[in-house]
């Protein structure tokens with residue numbers, strides 16, 4: 001893959017460490033937007049690997065210091081309460097029975113799994129909103145430094161994060177609210193559909209089919225919500241937008257590229273699920289030997305899980321650049337200042353747009369056809 005000056009990414013020379021200042025942000029934005037375009041998730045993965053090889057030390061430091069602690073807490077369930085998950089699962093089953101949904105083994109297992117995931121996410125949210133979010137910002141900063149042929153400077157990153165942290169957190173909170181809204185709406189639609197079919201006179205066994213349809217639609221809508229939310233975090237770092245404005249900007253950027261985003265999301269999700277499954281089988285469940293291998297298998301799987309999370313964050317950043325390049329090419333848009341201009345004090349109007357919530361929800365549903 002060619003770099004900004006027509007060279008291969010592996011052959012780009014790092015400038016002197018003492019030169020820690022960015023170039024003119026408009027020129028930098030033009031170089032970044034024109035250097036990488038791809039309609040293939042595989043090409044984005046290859047570009048991610050090239051970037052990782054180019055600045056491997058910096059990215060490995062991000063994984064070790066910021067991602068590994070979160071992964072360890074998440075995999076070992078150090079903060080999760082199993083009794084709380086059981087109570088939530090029981091309440092979900094009661095709601096399912098009241099709505100007429102047959103309590104099949106699949107429904108019971110899904111309720112239990114959803115309860116465990118919800119409780120784990122809730123108790124780990126402080127870590128997600130601090131260390132994990134900081135790691136995402138660090139990855140975006142490092143990818144930007146790679147594309148602009150700059151040495152990753154920890155002190156420079158601290159200055160940038162200090163000025164951008166509020167807008168990143170605001171964007172992340174709004175993204176979480178959108179995702180929760182999608183989940184809540186899907187559950188409400190499922191309950192309403194089951195009640196409607198029962199009122200019409202269908203047997204309870206027939207309710208499995210509308211449940212499957214709602215589940216498939218929910219999976220696609222949820223995946224796009226995750227994609228838009230992840231890109232919105234990148235937007236809040238690299239552009240002069242945050243909060244709902246960043247979500248709207250991200251939804252605009254991924255339009256026409258949603259298939260690529262879905263492949264990235266599915267690949268990352270499968271990778272994390274595979275490592276987590278190994279962890280549950282090899283570490284949590286003692287199904288072989290005396291369990292002495294847990295001493296080294298546990299940390300190894302934590303490192304593997306952290307590496308998958310790192311690759312996912314890097315691919316999201318590369319995906320942003322690809323979407324931004326296609327967007328500028330289609331609209332003849334000029335490059336906007338990146339990173340340096342975002343350190344300026346943002347206008348208050350970029351946060352308070354209540355009608356944008358409706359716009360984002362409708363766009364997520366209607367934009368899937370793109």
* Asked: What is the number of the single condition among (1) free of Cβ contacts under 8 Å to residues at least 12 places away in the same chain; (2) under 21 Å from residue 51 (Cα atoms) that residue 284 does not meet?
  -> (2)
* **Unique match (being over 19 Å from residue 284 (Cα atoms) and within 19 Å of the chain's Cα centre (by Cα)) among 72, 118, 61, 98** => 118
* Asked: Which members of segment 267-277 meet the condition of being over 10 Å from residue 315 (Cβ atoms) and surrounded by 13 or more Cβ atoms within 10 Å (Cβ to Cβ)?
  -> 269, 271, 272, 274, 275, 276
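Okay, residues lined up against (1) farther than 18 Å from residue 121 by Cα; (2) assigned to a helix (DSSP H, G or I); (3) at pLDDT below 80; (4) under 22 Å from the mean Cα position of the chain (by Cα):
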residue	(1), (2), (3), (4)
155	yes, yes, no, no
165	yes, yes, no, yes
169	no, yes, no, yes
173	no, yes, no, yes
177	no, yes, no, yes
192	yes, yes, no, no
207	yes, yes, yes, no
211	yes, yes, yes, no
* Members of segment 236-248 found to be buried (at least 22 other Cβ atoms within 10 Å of the Cβ) and part of a helix (DSSP H, G or I), listed by number -> 236, 237, 238, 244, 245, 246, 247
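Here are 121, 146, 90, 104: which of them is touching a helix residue (DSSP H, G or I) at 6+ places or on another chain (Cβ under 9 Å), in contact (Cβ under 8 Å) with a residue 60 or more places away in the chain and surrounded by fewer than 16 Cβ atoms within 10 Å (Cβ to Cβ)? Before the answer, list the steps.
Details: 121 fails: in contact (Cβ under 8 Å) with a residue 60 or more places away in the chain; 146 fails: surrounded by fewer than 16 Cβ atoms within 10 Å (Cβ to Cβ); 90 fails: in contact (Cβ under 8 Å) with a residue 60 or more places away in the chain.
After applying the criteria, what remains is 104.
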* Give segment 213-230 a look and list any residue that's crowded, with 19+ Cβ neighbours inside 10 Å and modelled with pLDDT under 90, or say none. => none
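Is it the case that residue 237 is touching a helix residue (DSSP H, G or I) at 6+ places or on another chain (Cβ under 6 Å) and farther than 22 Å from residue 318 by Cα? I'd like the intermediate steps shown before the answer.
On the way: touching a helix residue (DSSP H, G or I) at 6+ places or on another chain (Cβ under 6 Å): yes; farther than 22 Å from residue 318 by Cα: no.
No; evaluated as a whole, the condition is false for this residue.
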* Among (1) at pLDDT 55 or above; (2) crowded, with 16+ Cβ neighbours inside 10 Å; (3) touching a helix residue (DSSP H, G or I) at 6+ places or on another chain (Cβ under 8 Å); (4) at negative phi, which single condition is residue 339 missing? -> (4)
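The values are calculated or read from the model by the stated rules, or taken from the named source; none is laboratory data. These numbers come from a predicted model, not from an experiment. Methodologically, a virtual Cβ is constructed for each residue, glycine included, from the backbone with ideal geometry; neighbour enumeration extends over all protein chains shown.
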